[in-house]
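The values are calculated or read from the model by the stated rules, or taken from the named source; none is laboratory data. All values reported here derive from a predicted model rather than from experimental measurement. Remember, those area values only see protein heavy atoms, side chains included, never the ligands or the DNA or RNA. Shrake-Rupley method; radii C 1.70, N 1.55, O 1.52, S 1.80 Å.
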Amino acid sequence: MTNPQKINNASEELDVTLHSMSTKPNLKGDRPNLFLLILLYIMQGIPFGFSISALPIILQSKKVVTYGEQALLSYALWPYSLKLLWAPLVDVHYVQWIGKRKSWLLPVQYLMGVFLIYTANNINDWIPETGKPNILILTCVFFVLNLLASTQNIVVDSWALTMLKKANVGYSSVCSSSGFAIGIMIGSVIPVLLTSEDFCNKHLRLTPGMGGIMTLERLFFICGILFILVATLIGIFKKEKDIKLEDNYAQPCVTNSYKLLWDIIKLPNLRVLLIALLTMKVGFSAMRNSLVYLKLVEVGIPKDDIMVLTTAMFAVKILTPFAVSKYTSGPKPMSVCLKSMPIKLIWSFTYIAFIYFTPMIIYRNGVLNVPVYYYLVLGFLNAVSEALSYIMLVAITAFFSRISDYRFGGIYMTLLNTVSNFGMTYSSSIGLKFIDFLTFKKCSNDSDNNCSTADLKNTCNTNGGNCLITVDGYYVEIIICVVIGFIWYGMFKNMFKNFQTKSSSYWMVYVDRRSEESVKIDVEPCSKNVIQSDHSVTLTNK
């Protein structure tokens, strides 16, 4: 039997919540919190930026790393695609006297600092001046760093909802997007440019010198100290609200959180959507700008110039979401994504011609001389590619927001974003791996030697020959990916259009879709503050 008094209390609390949501934002008193959130998101982006951009380019510039080994290194980014697996644990287990969020943030931040200092002490052995880098150790170390950073991302995303005033919670997305982008830029650009002798002599020094103005060893050590220092300051000075005041709902048990997640996955429409999201990025796996940059470094473009161009692309990443927001905020955001997909697929063919003619443009009589117009064309191609990618990203995120069950928005959004990110991660890894598989070579002085193994390559070199590429796997892979992309588009285009017209109840768990009324929840929260009837469930703030 339902307690009327509890229902009245819940209604009053709901009115308060709605009132607070309609209040105009007021940053007075919240500016330090905004600064702290941006700082924490920046720190999450630094190891991600180094893993996704700086480290692959540094290794590729040494010309002793294969694309298969680059594919192994890409596994270091997988924690961001798998964080849904431990997100419920982070949300439930904590030490109350430390604080629900600080219980995870402080040890994670300290561990990141320790791992960065450990990396600083060993980076010169893992990436020697001459010889083969230790790809396996680099992959393992940065996998752990990204595992810690993705865990911190779960913590900070949750803490932002209570750290800021109710009226200012909307600013948390600004902190997340801008802070993480800045962190990626720092992790991508600084390790390459400040350690480059050519760049520092050209742009930062008055008189030429040896090496860069920084070393990777010093950079990682400074970052490790800063991570530990920030964690210490947060532990001492940043107070966290008491858990009873922070949470406006009953705290679920771990097992119940996972059961809720499973019930969401079992929704028929959602299972089809998850399959579509897992396969959506396969068509673009050969068109990632980072892979394009690896090909350009391979043919001779200086890695310093690549990093300068990468920095310029951050302007496109920041401005594009604002430019298309009015088109993606409507009732059918996926229509914007579906219109962009064929354009991006066709645009990938421009890279085949551009990379093919690059050696002819940048070399004059065997001497590297890159003309200015080359960088302008490359910047234009990448700007269009990045803009299309971010248009699709904003549209997909808006679609997720529209269909997510508002009662369980955190788990729902994390599920959709995680599956989407995993689709991008695994397709990128496979794309890198298959370039070597699709590339065909032959020895310059022995037509029977196809240089397909290390022994055959050594035999060719020993006999005074060179392994020449007869078929570049990168070009073949672009064509294959475009075909796969258009097949995906034909299979799922109408499905996404249909999804946009469905009632919100089709994306909700524990509802009677005939009457669109809530039914009794099977997952019991740990707290007893639950009001249940035959047709609805309400969690009180008690």
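Measure up Lys62/Lys295; Lys281/Lys493; Lys63/Lys303; Lys344/Lys502 against 18 Å on the Cα-Cα distance and list the ones that go over.
Working: Lys62/Lys295 13 Å; Lys281/Lys493 14 Å; Lys63/Lys303 12 Å; Lys344/Lys502 28 Å.
Beyond 18 Å between Cα atoms: Lys344/Lys502.
Would you please give the residues with an amide H less than 5 Å from that of Tyr363, counting only those at least 5 places away or on a separate chain, with H modeled from the backbone geometry?
When sequence neighbours closer than 5 places are left aside, the close amide H contacts are Asn369.
Evaluate the relative contact order of the stretch 34-154 (contact order divided by residue number), counting alpha-carbon pairs under 8 angstrom at least 6 apart; express in whole percent. Display every interim value, and only then the final one.
Numbers: 95 pairs, mean separation 52.3, N = 121.
After rounding, I find 43 percent.
For the stretch 284-407, what does the alpha-carbon gyration tensor say about shape, rounded, prolate or oblate, given a ≥ b ≥ c as the root eigenvalues, a/c under 1.5 as rounded, and a/b over b/c as prolate?
Working: a/c = 3.07, a/b = 2.56, b/c = 1.20.
Here the stretch 284-407 falls in the prolate category.
Roughly how many Å is it from the Cα centre of the stretch 261-313 to that of the stretch 26-93, as a whole number?
15
I'd like the accessible area for Asp436, computed on protein heavy atoms only with a 1.4 Å probe and all protein chains in place. Round to 10 Å², please.
70
Per-residue accessible area for Thr350 at 1.4 Å probe radius, Å² rounded to 10?
40
Which ³J(HN,Hα) values in Hz, rounded to whole numbers, follow from the phi angles of the stretch 93-110 under the Karplus curve 6.51 cos²θ - 1.76 cosθ + 1.60, where θ = phi - 60° and Gly and Pro get x?
So the J values, rounded to whole Hz, are 8, 6, 9, 5, 6, 7, x, 4, 8, 5, 4, 9, 4, 5, x, 5, 5, 4.
Suppose accessible area is computed on protein heavy atoms with a 1.4 Å probe; arrange Tyr75, Tyr258 from highest to lowest.
On the way: Tyr75 95, Tyr258 70 Å².
Of Tyr75, Tyr258, the descending order of accessible area is Tyr75, Tyr258.
Would you mind working out the accessible area per residue for the stretch 304-444, using a 1.4 Å probe, and quoting it in Å²? Each step should come with its number before you reach the end.
Numbers: 6680 Å² over 141 residues.
Accessible area per residue, the stretch 304-444: 47 Å².
Each residue of the stretch 374-391 in turn: what ³J(HN,Hα) in whole Hz from Karplus with 6.51, -1.76, 1.60 and θ = phi - 60°, glycine and Pro shown as x?
Listing the rounded values in order: 4, 5, 5, 5, 4, x, 5, 4, 5, 5, 5, 4, 5, 4, 4, 4, 6, 4 Hz.
Measure off, as a whole percent, the carbon and sulfur share of the 1.4 Å-probe accessible area of the stretch 324-407, all protein chains present. Display every interim value, and only then the final one.
On the way: 2910 of 4200 Å².
So the carbon and sulfur contribution to the accessible surface is 69 percent.
At a 1.4 Å probe radius, which order do Ile487, Ile190 fall into by accessible area, largest first?
Working: Ile487 100, Ile190 60 Å².
If we order Ile487, Ile190 from most to least accessible, we get Ile487, Ile190.
Decide, for the stretch 359-467, between rounded, prolate and oblate: order the square roots of the alpha carbon gyration tensor eigenvalues as a ≥ b ≥ c, take rounded if a/c falls under 1.5, and otherwise choose prolate if a/b is larger than b/c, else oblate. Could you put the intermediate results ahead of the total?
Numbers: a/c = 5.63, a/b = 1.84, b/c = 3.05.
Oblate, because a/c is 1.5 or more while a/b does not exceed b/c.
How much accessible area does Arg288 have with a 1.4 Å probe, in Å² rounded to the nearest 10?
Accessible surface of Arg288 is approximately 60 Å².
Counting only protein heavy atoms, what percent of the accessible surface of the stretch 48-176 is carbon or sulfur at a 1.4 Å probe?
Details: 3360 of 4970 Å².
On the stretch 48-176, the fraction of accessible area on carbon and sulfur atoms equals 68 percent.
Can you tell me, using C-alpha contacts under 8 Å and at least 6 residues apart, the relative contact order of the stretch 300-438 as a whole percent?
Details: 74 pairs, mean separation 46.9, N = 139.
Rounded, it is 34 percent for the stretch 300-438.
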